[in-house]
1. Within the range A:271-278, identify whether any single residue is touching a residue at least 60 places away in the same chain (Cβ under 8 Å), within 14 Å of A:L199 (Cα to Cα), within 19 Å of the chain's Cα centre (by Cα) and within 14 Å of another protein chain (Cβ to nearest Cβ), and answer yes or no.
2. Could you check the range A:94-122 and list, in sequence order, the residues that are more than 11 Å from chain B (Cβ to nearest Cβ), within 18 Å of A:M157 (Cα to Cα) and polar (S, T, N, Q)?
3. Just one of (1) within 14 Å of chain B (Cβ to nearest Cβ); (2) over 25 Å from A:D242 (Cα atoms) trips up A:I144, so point out which.
4. Find the residue count for the range A:208-247, including only residues that are within 10 Å of chain B (Cβ to nearest Cβ), surrounded by fewer than 22 Cβ atoms within 10 Å (Cβ to Cβ) and closer than 19 Å to A:C162 by Cβ.
5. So, in the range A:170-181, how many residues would count as being surrounded by fewer than 18 Cβ atoms within 10 Å (Cβ to Cβ) and free of Cβ contacts under 8 Å to residues at least 12 places away in the same chain?
6. Considering A:S32, A:S14, which residue is touching a residue at least 12 places away in the same chain (Cβ under 8 Å), touching a Leu at 6+ places or on another chain (Cβ under 7 Å) and not basic (K, R)?
7. Restricting to the range A:133-173, count the residues that are hydroxyl-bearing (S, T, Y), farther than 17 Å from A:D79 by Cα and in a loop (DSSP other than H, G, I, E, B).
8. Considering only residues of the range A:112-132 that are hydrophobic (A, V, I, L, M, F, W, C) and in a loop (DSSP other than H, G, I, E, B), which is farthest from A:R223 (Cα to Cα)?
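The values are calculated or read from the model by the stated rules, or taken from the named source; none is laboratory data. Predicted model only: the values in this text are computed from it and were never measured. In this analysis, Cβ positions are derived from the backbone assuming ideal geometry, glycine residues included, and neighbour counts consider all displayed protein chains.
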Amino acid sequence: MDTMTYDYTEPVLSPKGQKMRDILADYITVVSHRLPDDVTKKLVELSKIEVDPLQRLIYDTMMENQMLAGKLKRPSCQDTGALQFFIKCGAKFPLLSELNAILKDAVYRATKQAPLRHNAVQTFDEFNTGMNIGDGIPSVFMQIVDDSADIEMYVYMAGGGCTLPGEAKVLMPGEGYEGVVRFVMDRMTSYGINACPPLLVGVGVGTSAETAALNSKLALMRRVDSVSPNKNAAKLEHLLEDGINHIGLGPQGFGGKASVMGVNVINTARHPSAIGVGVSTGCWSHRRGKINFDSDLNYDLPLNEGVEL
Amino acid sequence: MKTWHLTTPIADEDIKDIRIGDIVYLNGSMTTCRDVAHRRLVEEHRPLPIDVSRKAILHAGPIIKANDDGTYEMVAVGPTTSMRMEKFEEDFVKETNVKLIIGKGGMGPGTQAACKKYKALHLVYPAGNAVYAALHVEKIVDAQWKDLGMPETLWSCQVKDFGPLIVSIDTNGDNLFEKNKIEFNKRKEAEIKKIDAQVKFIK
(Lines give C-alpha, C1' and ligand atoms only; values in the text may rest on other atoms or scores of the structure.)
Protein backbone atom coordinates (compact mmCIF):
# COMPACT_ATOMS: atom_id res chain seq x y z
CA MET A 1 0.00 0.00 0.00
CA ASP A 2 1.34 3.43 -0.88
CA THR A 3 1.88 5.71 2.04
CA MET A 4 -0.18 8.87 1.57
CA THR A 5 1.38 12.22 2.26
CA TYR A 6 0.01 15.68 2.91
CA ASP A 7 1.18 18.36 0.50
CA TYR A 8 2.37 21.48 2.23
CA THR A 9 4.68 24.14 0.88
CA GLU A 10 5.48 27.04 3.14
CA PRO A 11 3.73 30.15 1.80
CA VAL A 12 5.52 33.20 0.43
CA LEU A 13 4.56 35.84 2.98
CA SER A 14 5.17 39.59 2.99
CA PRO A 15 8.01 40.72 5.31
CA LYS A 16 5.41 41.85 7.82
CA GLY A 17 3.54 38.55 7.46
CA GLN A 18 6.78 36.67 8.13
CA LYS A 19 7.32 38.73 11.26
CA MET A 20 3.83 37.92 12.57
CA ARG A 21 4.29 34.23 11.77
CA ASP A 22 7.61 34.13 13.66
CA ILE A 23 6.14 35.88 16.71
CA LEU A 24 3.23 33.45 16.72
CA ALA A 25 5.46 30.38 16.33
CA ASP A 26 7.45 31.58 19.35
CA TYR A 27 4.28 32.24 21.32
CA ILE A 28 2.75 28.84 20.52
CA THR A 29 5.98 27.32 21.83
CA VAL A 30 5.62 29.29 25.08
CA VAL A 31 1.99 28.19 25.44
CA SER A 32 3.09 24.54 25.23
CA HIS A 33 5.75 25.01 27.93
CA ARG A 34 3.95 27.10 30.51
CA LEU A 35 0.40 27.53 31.79
CA PRO A 36 -1.31 30.93 31.71
CA ASP A 37 -1.09 32.97 34.91
CA ASP A 38 -4.78 32.65 35.84
CA VAL A 39 -4.62 28.84 35.65
CA THR A 40 -1.38 28.58 37.65
CA LYS A 41 -2.79 30.81 40.37
CA LYS A 42 -5.99 28.76 40.64
CA LEU A 43 -4.12 25.43 40.75
CA VAL A 44 -1.97 26.65 43.62
CA GLU A 45 -5.16 27.66 45.47
CA LEU A 46 -6.83 24.29 44.85
CA SER A 47 -3.72 22.31 45.82
CA LYS A 48 -3.89 23.88 49.26
CA ILE A 49 -7.40 22.67 50.04
CA GLU A 50 -6.69 18.99 49.31
CA VAL A 51 -5.38 17.24 52.40
CA ASP A 52 -5.40 13.48 51.73
CA PRO A 53 -2.07 11.86 50.78
CA LEU A 54 -3.19 10.63 47.32
CA GLN A 55 -4.55 14.04 46.31
CA ARG A 56 -1.45 15.77 47.68
CA LEU A 57 0.79 13.39 45.74
CA ILE A 58 -1.03 14.24 42.52
CA TYR A 59 -0.84 18.01 43.07
CA ASP A 60 2.84 17.75 44.02
CA THR A 61 3.51 15.86 40.77
CA MET A 62 1.68 18.58 38.82
CA MET A 63 3.68 21.39 40.41
CA GLU A 64 6.96 19.55 39.88
CA ASN A 65 6.04 18.85 36.25
CA GLN A 66 5.29 22.50 35.48
CA MET A 67 8.55 23.54 37.08
CA LEU A 68 10.47 21.01 34.98
CA ALA A 69 8.66 21.97 31.76
CA GLY A 70 9.60 25.61 32.28
CA LYS A 71 13.18 24.83 33.19
CA LEU A 72 13.82 22.32 30.40
CA LYS A 73 11.65 24.19 27.87
CA ARG A 74 9.59 21.16 26.93
CA PRO A 75 5.84 20.76 26.35
CA SER A 76 4.35 20.22 29.81
CA CYS A 77 1.76 17.72 28.47
CA GLN A 78 2.45 15.35 25.60
CA ASP A 79 -0.93 16.07 24.03
CA THR A 80 -0.23 19.47 22.59
CA GLY A 81 -3.66 19.36 21.02
CA ALA A 82 -5.12 20.42 17.73
CA LEU A 83 -4.38 24.13 17.53
CA GLN A 84 -7.40 26.42 17.58
CA PHE A 85 -7.45 30.19 17.17
CA PHE A 86 -10.33 32.36 18.37
CA ILE A 87 -9.89 35.78 16.85
CA LYS A 88 -11.42 39.22 17.02
CA CYS A 89 -10.08 41.32 14.21
CA GLY A 90 -10.51 44.92 13.10
CA ALA A 91 -11.49 45.37 9.45
CA LYS A 92 -8.36 47.47 8.83
CA PHE A 93 -5.82 45.00 10.26
CA PRO A 94 -3.14 45.12 7.53
CA LEU A 95 -2.44 41.36 7.32
CA LEU A 96 -6.04 40.19 7.03
CA SER A 97 -5.59 38.67 3.57
CA GLU A 98 -2.54 36.67 4.69
CA LEU A 99 -3.89 35.68 8.08
CA ASN A 100 -4.91 32.06 7.37
CA ALA A 101 -1.54 31.32 5.76
CA ILE A 102 0.29 33.00 8.65
CA LEU A 103 -1.54 30.92 11.26
CA LYS A 104 -1.04 27.60 9.50
CA ASP A 105 2.64 28.26 8.91
CA ALA A 106 3.14 29.41 12.50
CA VAL A 107 1.76 26.06 13.69
CA TYR A 108 3.93 24.22 11.16
CA ARG A 109 7.05 25.96 12.48
CA ALA A 110 6.11 25.76 16.18
CA THR A 111 5.61 22.02 15.76
CA LYS A 112 9.31 21.63 14.97
CA GLN A 113 10.41 24.28 17.41
CA ALA A 114 8.50 23.36 20.62
CA PRO A 115 8.33 20.43 19.58
CA LEU A 116 4.61 19.65 19.36
CA ARG A 117 3.06 16.24 18.81
CA HIS A 118 1.81 15.38 15.33
CA ASN A 119 -1.92 15.55 15.93
CA ALA A 120 -3.45 15.94 12.48
CA VAL A 121 -4.98 12.82 10.92
CA GLN A 122 -6.61 13.30 7.53
CA THR A 123 -10.11 11.89 7.77
CA PHE A 124 -11.27 9.04 5.49
CA ASP A 125 -7.76 8.69 4.06
CA GLU A 126 -6.77 8.03 7.69
CA PHE A 127 -3.12 8.94 7.77
CA ASN A 128 -1.23 11.24 10.11
CA THR A 129 0.20 14.17 8.13
CA GLY A 130 3.27 14.16 10.37
CA MET A 131 3.24 17.96 10.43
CA ASN A 132 0.51 18.75 12.95
CA ILE A 133 -1.40 20.61 10.23
CA GLY A 134 -4.05 19.24 7.91
CA ASP A 135 -7.30 20.21 6.22
CA GLY A 136 -8.97 22.50 8.76
CA ILE A 137 -6.19 22.13 11.35
CA PRO A 138 -5.38 24.58 12.80
CA SER A 139 -9.03 25.63 13.23
CA VAL A 140 -9.65 29.34 12.90
CA PHE A 141 -12.77 31.03 14.31
CA MET A 142 -12.85 34.69 13.41
CA GLN A 143 -15.10 37.66 13.98
CA ILE A 144 -14.58 41.04 12.31
CA VAL A 145 -15.60 43.28 15.17
CA ASP A 146 -14.92 46.88 14.21
CA ASP A 147 -13.08 49.22 11.90
CA SER A 148 -9.79 49.19 13.84
CA ALA A 149 -6.37 47.97 12.66
CA ASP A 150 -5.85 45.75 15.71
CA ILE A 151 -6.26 42.03 16.22
CA GLU A 152 -6.66 39.95 19.38
CA MET A 153 -6.40 36.22 19.36
CA TYR A 154 -6.61 33.30 21.71
CA VAL A 155 -4.30 30.40 20.96
CA TYR A 156 -5.64 27.12 22.31
CA MET A 157 -4.07 23.68 22.40
CA ALA A 158 -7.26 21.67 22.30
CA GLY A 159 -6.51 18.23 23.73
CA GLY A 160 -8.04 14.96 22.62
CA GLY A 161 -8.93 13.84 26.14
CA CYS A 162 -10.56 17.00 27.40
CA THR A 163 -11.96 19.72 25.21
CA LEU A 164 -12.21 18.11 21.76
CA PRO A 165 -14.90 15.62 22.82
CA GLY A 166 -17.31 18.41 23.76
CA GLU A 167 -21.04 17.91 23.42
CA ALA A 168 -23.98 20.04 22.37
CA LYS A 169 -27.69 19.45 22.20
CA VAL A 170 -30.84 21.43 21.55
CA LEU A 171 -33.39 21.26 24.37
CA MET A 172 -37.08 22.01 24.20
CA PRO A 173 -37.99 25.19 26.08
CA GLY A 174 -40.14 23.10 28.42
CA GLU A 175 -36.93 21.56 29.73
CA GLY A 176 -35.83 25.04 30.77
CA TYR A 177 -32.53 25.92 32.43
CA GLU A 178 -33.06 22.83 34.58
CA GLY A 179 -32.35 20.93 31.35
CA VAL A 180 -29.15 22.91 30.92
CA VAL A 181 -28.09 22.02 34.46
CA ARG A 182 -28.83 18.33 33.89
CA PHE A 183 -26.87 18.33 30.62
CA VAL A 184 -23.81 19.90 32.25
CA MET A 185 -23.91 17.84 35.45
CA ASP A 186 -24.32 14.51 33.62
CA ARG A 187 -21.21 15.24 31.59
CA MET A 188 -19.25 15.89 34.77
CA THR A 189 -19.81 12.42 36.20
CA SER A 190 -19.27 10.67 32.86
CA TYR A 191 -16.81 12.42 30.62
CA GLY A 192 -15.51 14.90 33.21
CA ILE A 193 -13.86 12.25 35.36
CA ASN A 194 -11.52 11.33 32.49
CA ALA A 195 -10.97 14.86 31.24
CA CYS A 196 -8.17 15.61 33.76
CA PRO A 197 -9.83 17.50 36.62
CA PRO A 198 -9.72 20.04 38.14
CA LEU A 199 -11.53 21.25 35.03
CA LEU A 200 -12.39 24.59 33.55
CA VAL A 201 -15.97 23.99 32.40
CA GLY A 202 -17.20 26.00 29.42
CA VAL A 203 -20.97 26.16 29.05
CA GLY A 204 -22.56 27.65 25.96
CA VAL A 205 -26.21 28.60 25.68
CA GLY A 206 -27.65 29.66 22.32
CA THR A 207 -30.13 28.71 19.69
CA SER A 208 -28.63 25.64 18.03
CA ALA A 209 -26.05 22.93 18.44
CA GLU A 210 -23.27 24.88 16.71
CA THR A 211 -23.89 28.25 18.37
CA ALA A 212 -24.04 26.61 21.80
CA ALA A 213 -20.91 24.58 21.04
CA LEU A 214 -18.96 27.62 19.89
CA ASN A 215 -20.13 29.61 22.91
CA SER A 216 -18.91 26.82 25.19
CA LYS A 217 -15.49 27.00 23.55
CA LEU A 218 -15.37 30.79 23.84
CA ALA A 219 -16.26 30.36 27.51
CA LEU A 220 -13.00 28.42 27.93
CA MET A 221 -11.11 31.43 26.57
CA ARG A 222 -12.31 33.57 29.46
CA ARG A 223 -10.12 33.77 32.53
CA VAL A 224 -10.64 31.08 35.16
CA ASP A 225 -11.77 33.66 37.74
CA SER A 226 -13.98 35.73 35.40
CA VAL A 227 -17.70 36.27 35.87
CA SER A 228 -20.40 36.55 33.20
CA PRO A 229 -21.75 40.11 32.74
CA ASN A 230 -25.29 38.67 32.67
CA LYS A 231 -26.70 38.43 36.19
CA ASN A 232 -28.57 35.15 35.72
CA ALA A 233 -25.73 33.54 33.75
CA ALA A 234 -23.34 34.58 36.54
CA LYS A 235 -25.70 33.00 39.05
CA LEU A 236 -25.70 29.76 37.05
CA GLU A 237 -21.87 29.83 36.88
CA HIS A 238 -21.73 30.11 40.64
CA LEU A 239 -24.35 27.41 41.26
CA LEU A 240 -22.69 24.99 38.85
CA GLU A 241 -19.24 25.64 40.30
CA ASP A 242 -20.45 24.83 43.81
CA GLY A 243 -22.52 21.89 42.60
CA ILE A 244 -19.70 20.28 40.62
CA ASN A 245 -17.24 20.87 43.44
CA HIS A 246 -19.64 19.13 45.82
CA ILE A 247 -19.61 16.07 43.54
CA GLY A 248 -15.97 15.90 44.64
CA LEU A 249 -14.17 14.62 41.53
CA GLY A 250 -10.82 15.74 42.92
CA PRO A 251 -7.59 15.80 40.92
CA GLN A 252 -7.65 13.16 38.13
CA GLY A 253 -11.10 12.01 39.27
CA PHE A 254 -9.76 10.20 42.33
CA GLY A 255 -12.07 12.10 44.64
CA GLY A 256 -11.30 15.25 46.58
CA LYS A 257 -12.67 18.50 47.84
CA ALA A 258 -12.80 20.33 44.49
CA SER A 259 -13.61 19.33 40.90
CA VAL A 260 -13.23 22.50 38.91
CA MET A 261 -11.05 25.55 38.47
CA GLY A 262 -14.16 27.40 37.38
CA VAL A 263 -17.35 27.39 35.32
CA ASN A 264 -17.73 29.98 32.56
CA VAL A 265 -21.00 30.56 30.70
CA ILE A 266 -21.33 32.40 27.41
CA ASN A 267 -24.80 32.98 26.08
CA THR A 268 -26.42 34.33 22.93
CA ALA A 269 -30.12 34.68 22.04
CA ARG A 270 -32.35 31.74 21.15
CA HIS A 271 -35.30 30.99 18.88
CA PRO A 272 -38.50 30.65 20.98
CA SER A 273 -38.63 26.91 20.20
CA ALA A 274 -35.09 25.98 21.14
CA ILE A 275 -32.48 26.14 23.88
CA GLY A 276 -29.09 25.06 22.59
CA VAL A 277 -26.61 23.93 25.24
CA GLY A 278 -22.98 23.00 24.79
CA VAL A 279 -20.29 21.81 27.19
CA SER A 280 -16.54 21.91 26.63
CA THR A 281 -14.18 20.79 29.36
CA GLY A 282 -10.73 22.29 29.71
CA CYS A 283 -8.25 20.08 31.58
CA TRP A 284 -6.10 21.29 34.48
CA SER A 285 -3.30 21.81 31.98
CA HIS A 286 -5.37 24.47 30.21
CA ARG A 287 -2.92 25.73 27.60
CA ARG A 288 -4.73 28.77 26.37
CA GLY A 289 -2.82 31.91 25.48
CA LYS A 290 -3.78 35.36 24.34
CA ILE A 291 -1.86 37.73 22.13
CA ASN A 292 -2.96 41.18 20.98
CA PHE A 293 -1.30 42.93 18.03
CA ASP A 294 -1.61 46.46 16.72
CA SER A 295 -1.12 47.32 13.04
CA ASP A 296 2.68 47.61 13.50
CA LEU A 297 2.75 44.18 15.19
CA ASN A 298 3.52 45.58 18.61
CA TYR A 299 2.05 42.94 20.85
CA ASP A 300 1.16 42.19 24.44
CA LEU A 301 0.56 38.94 26.30
CA PRO A 302 -2.03 39.63 29.01
CA LEU A 303 -2.04 36.06 30.37
CA ASN A 304 1.73 35.59 30.64
CA GLU A 305 3.31 38.20 32.83
CA GLY A 306 7.04 38.56 32.35
CA VAL A 307 7.20 36.55 29.13
CA GLU A 308 9.11 38.03 26.21
CA LEU A 309 9.26 36.33 22.84
CA MET B 1 -2.68 3.32 50.50
CA LYS B 2 0.40 1.09 50.23
CA THR B 3 3.37 1.78 48.00
CA TRP B 4 4.88 -0.97 45.82
CA HIS B 5 7.94 -1.18 43.57
CA LEU B 6 7.63 -3.59 40.65
CA THR B 7 10.27 -4.76 38.21
CA THR B 8 9.55 -6.53 34.91
CA PRO B 9 9.15 -9.40 34.21
CA ILE B 10 6.19 -9.44 36.60
CA ALA B 11 4.81 -12.67 38.06
CA ASP B 12 1.18 -13.14 39.16
CA GLU B 13 2.55 -13.55 42.68
CA ASP B 14 4.11 -10.04 42.57
CA ILE B 15 0.76 -8.30 42.12
CA LYS B 16 -1.76 -10.51 43.90
CA ASP B 17 -1.80 -8.41 47.12
CA ILE B 18 -1.90 -5.03 45.40
CA ARG B 19 -5.28 -3.35 45.91
CA ILE B 20 -7.16 -0.43 44.35
CA GLY B 21 -5.88 2.90 45.64
CA ASP B 22 -2.33 1.59 46.17
CA ILE B 23 0.63 3.32 44.54
CA VAL B 24 3.09 1.53 42.26
CA TYR B 25 6.48 2.60 40.84
CA LEU B 26 7.68 0.61 37.84
CA ASN B 27 11.16 -0.46 36.74
CA GLY B 28 11.85 -2.24 33.48
CA SER B 29 9.92 -2.52 30.23
CA MET B 30 6.92 -0.40 29.29
CA THR B 31 5.57 -0.05 25.74
CA THR B 32 3.23 2.67 24.54
CA CYS B 33 0.16 1.11 22.95
CA ARG B 34 -3.11 2.82 22.09
CA ASP B 35 -6.10 2.88 19.73
CA VAL B 36 -4.97 1.48 16.39
CA ALA B 37 -2.44 -0.98 17.86
CA HIS B 38 -5.23 -2.51 19.96
CA ARG B 39 -7.45 -2.71 16.90
CA ARG B 40 -4.73 -4.34 14.80
CA LEU B 41 -4.15 -7.06 17.39
CA VAL B 42 -7.77 -7.77 18.28
CA GLU B 43 -9.67 -7.13 15.04
CA GLU B 44 -7.03 -7.59 12.37
CA HIS B 45 -5.35 -10.49 14.24
CA ARG B 46 -1.89 -9.09 13.60
CA PRO B 47 0.57 -10.19 16.29
CA LEU B 48 2.02 -7.35 18.36
CA PRO B 49 5.56 -6.78 17.04
CA ILE B 50 6.84 -6.13 20.60
CA ASP B 51 6.57 -8.79 23.30
CA VAL B 52 4.71 -7.30 26.28
CA SER B 53 4.18 -10.58 28.15
CA ARG B 54 4.72 -10.06 31.92
CA LYS B 55 5.49 -6.41 31.18
CA ALA B 56 3.62 -3.10 31.01
CA ILE B 57 1.80 -1.12 28.34
CA LEU B 58 1.06 2.59 28.55
CA HIS B 59 -1.98 4.06 26.79
CA ALA B 60 -0.09 7.05 25.46
CA GLY B 61 1.12 8.97 22.46
CA PRO B 62 4.40 10.65 23.30
CA ILE B 63 6.44 13.44 21.75
CA ILE B 64 9.64 11.87 20.44
CA LYS B 65 12.81 13.40 19.10
CA ALA B 66 14.53 11.39 16.36
CA ASN B 67 18.31 11.68 16.65
CA ASP B 68 20.62 11.72 13.62
CA ASP B 69 22.17 8.38 14.64
CA GLY B 70 18.81 6.61 14.33
CA THR B 71 18.07 6.55 18.07
CA TYR B 72 15.07 8.21 19.68
CA GLU B 73 14.64 10.42 22.70
CA MET B 74 11.55 10.83 24.90
CA VAL B 75 10.64 14.53 25.10
CA ALA B 76 7.22 14.27 26.76
CA VAL B 77 4.99 11.32 27.57
CA GLY B 78 1.79 10.83 29.51
CA PRO B 79 -1.34 8.74 29.45
CA THR B 80 -4.33 9.10 27.19
CA THR B 81 -7.93 8.15 28.09
CA SER B 82 -7.92 4.39 28.78
CA MET B 83 -11.66 3.98 28.24
CA ARG B 84 -11.15 4.22 24.48
CA MET B 85 -9.30 0.90 24.64
CA GLU B 86 -11.99 -0.81 26.77
CA LYS B 87 -13.59 -2.39 23.70
CA PHE B 88 -10.36 -4.30 22.98
CA GLU B 89 -8.62 -4.70 26.33
CA GLU B 90 -10.03 -8.02 27.53
CA ASP B 91 -8.89 -9.77 24.35
CA PHE B 92 -5.65 -7.81 24.40
CA VAL B 93 -4.72 -9.06 27.88
CA LYS B 94 -5.69 -12.61 26.92
CA GLU B 95 -3.56 -12.53 23.75
CA THR B 96 -0.49 -10.79 25.16
CA ASN B 97 -0.29 -11.75 28.86
CA VAL B 98 0.48 -8.12 29.70
CA LYS B 99 0.50 -7.52 33.47
CA LEU B 100 0.24 -3.76 33.86
CA ILE B 101 -2.07 -1.57 31.81
CA ILE B 102 -1.27 2.06 32.52
CA GLY B 103 -3.44 4.92 31.38
CA LYS B 104 -5.77 7.69 32.41
CA GLY B 105 -9.24 7.48 33.96
CA GLY B 106 -11.09 4.26 34.60
CA MET B 107 -11.86 1.22 32.48
CA GLY B 108 -14.93 -0.98 32.30
CA PRO B 109 -16.25 -4.52 32.81
CA GLY B 110 -14.13 -6.16 30.09
CA THR B 111 -10.87 -4.99 31.62
CA GLN B 112 -12.15 -5.85 35.10
CA ALA B 113 -12.86 -9.40 33.94
CA ALA B 114 -9.43 -9.65 32.30
CA CYS B 115 -7.59 -8.36 35.38
CA LYS B 116 -9.33 -10.96 37.51
CA LYS B 117 -9.04 -13.90 35.13
CA TYR B 118 -5.54 -13.33 33.75
CA LYS B 119 -4.07 -11.53 36.79
CA ALA B 120 -3.31 -7.99 35.65
CA LEU B 121 -3.68 -4.44 36.99
CA HIS B 122 -4.99 -1.23 35.49
CA LEU B 123 -3.15 1.79 36.86
CA VAL B 124 -3.42 5.52 36.36
CA TYR B 125 -0.50 7.87 35.87
CA PRO B 126 -1.56 11.42 36.83
CA ALA B 127 -2.13 12.85 33.35
CA GLY B 128 -0.65 16.05 32.03
CA ASN B 129 2.68 15.50 33.80
CA ALA B 130 4.56 14.67 30.66
CA VAL B 131 8.00 16.07 31.41
CA TYR B 132 8.12 14.46 34.85
CA ALA B 133 7.24 11.13 33.19
CA ALA B 134 9.71 11.55 30.33
CA LEU B 135 12.55 12.04 32.80
CA HIS B 136 11.82 8.55 34.18
CA VAL B 137 12.22 6.97 30.75
CA GLU B 138 15.87 5.95 30.59
CA LYS B 139 15.92 4.78 27.01
CA ILE B 140 13.75 3.97 24.00
CA VAL B 141 14.82 0.45 23.06
CA ASP B 142 12.52 -0.28 20.11
CA ALA B 143 9.93 1.36 17.85
CA GLN B 144 7.44 -0.67 15.80
CA TRP B 145 4.43 0.09 13.61
CA LYS B 146 5.95 3.47 12.82
CA ASP B 147 3.52 3.74 9.90
CA LEU B 148 0.93 4.83 12.49
CA GLY B 149 2.73 8.12 13.09
CA MET B 150 4.37 9.51 16.20
CA PRO B 151 1.45 9.24 18.68
CA GLU B 152 0.45 5.67 17.78
CA THR B 153 3.81 3.99 17.20
CA LEU B 154 4.69 1.27 19.72
CA TRP B 155 7.56 2.89 21.63
CA SER B 156 9.23 0.34 23.85
CA CYS B 157 10.83 2.07 26.81
CA GLN B 158 13.14 1.18 29.63
CA VAL B 159 11.81 3.03 32.68
CA LYS B 160 13.09 3.72 36.18
CA ASP B 161 10.80 4.47 39.15
CA PHE B 162 8.02 5.33 36.69
CA GLY B 163 5.12 6.66 38.73
CA PRO B 164 3.21 7.39 40.84
CA LEU B 165 0.85 4.82 39.32
CA ILE B 166 -2.46 4.61 41.16
CA VAL B 167 -4.15 1.21 40.99
CA SER B 168 -7.63 1.55 39.50
CA ILE B 169 -8.47 -2.15 38.87
CA ASP B 170 -6.83 -4.96 40.87
CA THR B 171 -6.57 -8.74 40.46
CA ASN B 172 -9.85 -9.22 42.35
CA GLY B 173 -11.52 -7.20 39.60
CA ASP B 174 -12.30 -4.36 42.01
CA ASN B 175 -12.67 -1.03 40.20
CA LEU B 176 -11.84 2.24 41.97
CA PHE B 177 -13.46 4.54 39.40
CA GLU B 178 -16.67 2.52 39.29
CA LYS B 179 -16.90 2.70 43.08
CA ASN B 180 -16.23 6.44 43.01
CA LYS B 181 -18.78 6.92 40.23
CA ILE B 182 -21.60 5.51 42.37
CA GLU B 183 -20.80 8.07 45.04
CA PHE B 184 -20.31 10.90 42.49
CA ASN B 185 -23.69 10.17 40.89
CA LYS B 186 -25.48 10.15 44.23
CA ARG B 187 -24.02 13.53 45.13
CA LYS B 188 -24.80 14.86 41.65
CA GLU B 189 -28.51 14.13 41.98
CA ALA B 190 -28.61 15.97 45.31
CA GLU B 191 -26.79 18.98 43.81
CA ILE B 192 -29.07 19.09 40.75
CA LYS B 193 -32.11 19.31 43.01
CA LYS B 194 -30.58 22.26 44.88
CA ILE B 195 -29.63 24.10 41.68
CA ASP B 196 -32.92 23.47 39.84
CA ALA B 197 -34.87 25.39 42.45
CA GLN B 198 -32.82 28.50 41.61
CA VAL B 199 -32.74 28.54 37.78
CA LYS B 200 -36.38 29.03 36.88
CA PHE B 201 -35.53 31.89 34.52
CA ILE B 202 -38.38 31.02 32.09
CA LYS B 203 -41.59 32.23 33.71
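1. no
2. Once the filter is applied, which keeps residues that are more than 11 Å from chain B (Cβ to nearest Cβ), within 18 Å of A:M157 (Cα to Cα) and polar (S, T, N, Q), the range A:94-122 yields A:N100, A:Q113.
3. (1)
4. Final tally of qualifying residues: 1.
5. Summing the residues that are surrounded by fewer than 18 Cβ atoms within 10 Å (Cβ to Cβ) and free of Cβ contacts under 8 Å to residues at least 12 places away in the same chain in the range A:170-181 gives 1.
6. A:S32
7. Matching residues across the range A:133-173 total 1.
8. Applying the filter and picking the extreme gives A:F124.
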